[in-house]
């Protein structure tokens with residue numbers, strides 16, 4: 001039995017990786033269980049904000065208790081896609097020691113060029129890098145170093161990287177993780193209709209393509225701060 005928390009930031013390959021695990025015969029997946037809490041607590045105006053809040057659970061402790069409980073549908077593995085930026089200051093994170101924690105990172109140039117097409121960036125905290133570093137440090141202090149995956153590595157060598165991740169997690173690798181049926185899923189959050197267009201037409205991991213373009217000048221400082229956090233985590237990747 002395994003409960004896996006994959007901590008990402010936005011515009012990473014987090015949904016594709018969730019698809020990969022959902023295509024295993026032994027795995028139940030959960031999509032961003034703290035999103036409704038995050039939207040209600042911050043007041044941030046994301047697309048479909050009211051629908052996400054209405055459909056989701058906005059109580060931090062209730063969500064934490066649920067995702068550390070029994071694995072649904074008698075599955076052996078519970079894969080949880082989490083956004084690091086949903087961890088707001090002041091909330092108790094002790095429950096993460098009950099999970100096998102992984103951190104999914106992506107170079108901030110690629111994240112910023114992608115995210116800024118969908119939403120205005122006003123803070124580094126929107127992109128999750130400081131929260132990922134904080135999670136890493138908390139887990140280290142617990143004696144539970146997380147496994148760090150770089151999205152570029154996964155896209156370049158999905159077979160090799162997924163085999164390595166499964167080995168680290170002490171779970172079997174299934175070739176079904178490398179491809180999946182096209183379309184949306186019942187497990188997708190309601191926000192998928194805005195954010196998941198690319199993954200919904202995918203049937204596997206897209207080959208890595210270097211994103212071209214300069215970081216807009218208004219995002220230069222955010223980029224440099226994100227890059228510092230990224231480099232700290234990149235040094236520990238599997």
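Just so you know, all these numbers are worked out from the coordinates, no wet-lab data involved. These numbers were taken from a predicted model, which means no experiment stands behind them. Using ideal geometry, Cβ is built from the backbone for each residue, glycine included, and neighbour counts are taken over all protein chains shown.
Got a sec? How would 37, 125 order by Cβ neighbour count within 10 Å, fewest to most?
Starting with the residue having the fewest Cβ neighbours, the order is 125, 37.
Calculated mean residue ellipticity, 222 nm, the chain: -11000 deg cm²/dmol, from DSSP H runs (n ≥ 4) at -39500 (n - 2.57) each, averaged per residue and rounded to 500.
In this simple spin-label approximation, residue 209 and residue 91 carry label points 7 Å from Cα along the Cα→Cβ vector, and these lie 3.5 nm apart.
Between residue 122 and residue 134, the contour length at 0.36 nm per residue exceeds the Cα-Cα span by 2.3 nm.
Report for region 2-234 the percent antiparallel among DSSP-assigned beta bridges with both residues inside it, nearest 5. Write out the running numbers ahead of the final one.
On the way: 1 of 21 bridges.
Antiparallel bridges make up about 5 percent of those DSSP assigns within region 2-234.
Remark: 175, 11, 49 ranked as 175, 49, 11, counting other beta-carbon atoms within 10 Å and listing the fewest first. When its C-alpha radius of gyration is set against 2.2 N^0.38 Å (N residues), the chain gives a value of 0.95.
At a threshold of 8 angstrom on Cα-Cα distance, excluding pairs fewer than six apart, so keeping six or more, what relative contact order does the chain reach in percent? Spell out each step's value before the answer.
Details: 348 pairs, mean separation 68.8, N = 238.
The value is 29 percent.
Specify the inter-centroid distance of region 191-219 and region 2-36, based on alpha-carbon positions, in whole Å. Using only Cα atoms to place each centre, the spacing works out to 17 Å.
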